[in-house]
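See below for the structure under consideration.
The values are calculated or read from the model by the stated rules, or taken from the named source; none is laboratory data. Given the structure is predicted, the values throughout are model-derived calculations rather than measurements. Quick reminder, even Gly has a Cβ in these numbers, built from the backbone with ideal geometry, and neighbours come from all protein chains shown. Remember, those area values only see protein heavy atoms, side chains included, never the ligands or the DNA or RNA. Shrake-Rupley method; radii C 1.70, N 1.55, O 1.52, S 1.80 Å.
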Amino acid sequence: MTDKTQDPAGGYVATRWVELVVGVLFAVLGALVIWDSHRVGAAWAADGPQSGYFPNIIGWILVAAGAWVAGTTVYGWRKLAGKVFVTYADLRPVLTMLVPTIAYVVLIRLIGIYVASAIYIAGFMLFQGKYKWLPTLCVSVGVPVAIFLLFEVWFLVPLPKGPLEQMLGY
């Protein structure tokens, strides 16, 4: 952790806000787990634990841990003042990897894993790796074709498909 005086640009994310948000998110996630475990049954039945019994325990642990982190952050709010979690300059390379990966996951639902993978691989090879078009085209088409053959043809394991694969009869 650094002090904000060491960041001349002034652009940073404060540690106390990150800790507070993460604590609250963990508590909310734990509450969701508890709610869902009660939906499927979280008690001890005559024949043993119901399917939500152990997830219910994990949910309570998540709520307690999230509340602890959020509570200690609020308690030490002034002590954390000025502490830098990450500068915007340091966050940029992380986001250049994270944003395309999120887009890839969304594209899998829309156009299937094979076409989305070709776009994802080509994008990273062209923009991050600075490869030329020929190797990019070979790899970005070759990898999804190899994965298609491996899973769909040889192992008979279906992966998410989009309109192109449906048009081709798969």
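Observations
- The share of accessible area on the stretch 71-167 that comes from carbon and sulfur is 75 percent, using a 1.4 angstrom probe.
- Of all complete DSSP H helices in the chain, those with a Cα span along the helix axis of 30 Å or greater and a mean Kyte-Doolittle hydropathy of 1.0 or more are 15-40, 53-75, 88-111.
- Each part gets one Cα centre, and for the stretch 31-109 versus the stretch 133-160 those centres are 34 Å apart.
- The charge dipole of the chain, taken about the Cα centre with unit charges on the Cβ atoms of Lys, Arg (+1) and Asp, Glu (-1), comes to about 480 debye, rounded to the nearest 20.
- With DNA, RNA and ligands ignored, accessible area of MET97 (1.4 Å probe; Å², nearest 10): 90 Å²
- Accessible surface area normalised per residue over the chain is 70 Å², counting heavy atoms of protein chains with a 1.4 Å rolling probe.
- Among (1) 16.0, 53; (2) 18.4, 59; (3) 23.3, 65, the entry derived from the coordinates for Rg and Dmax of the Cα atoms in Å: (3)
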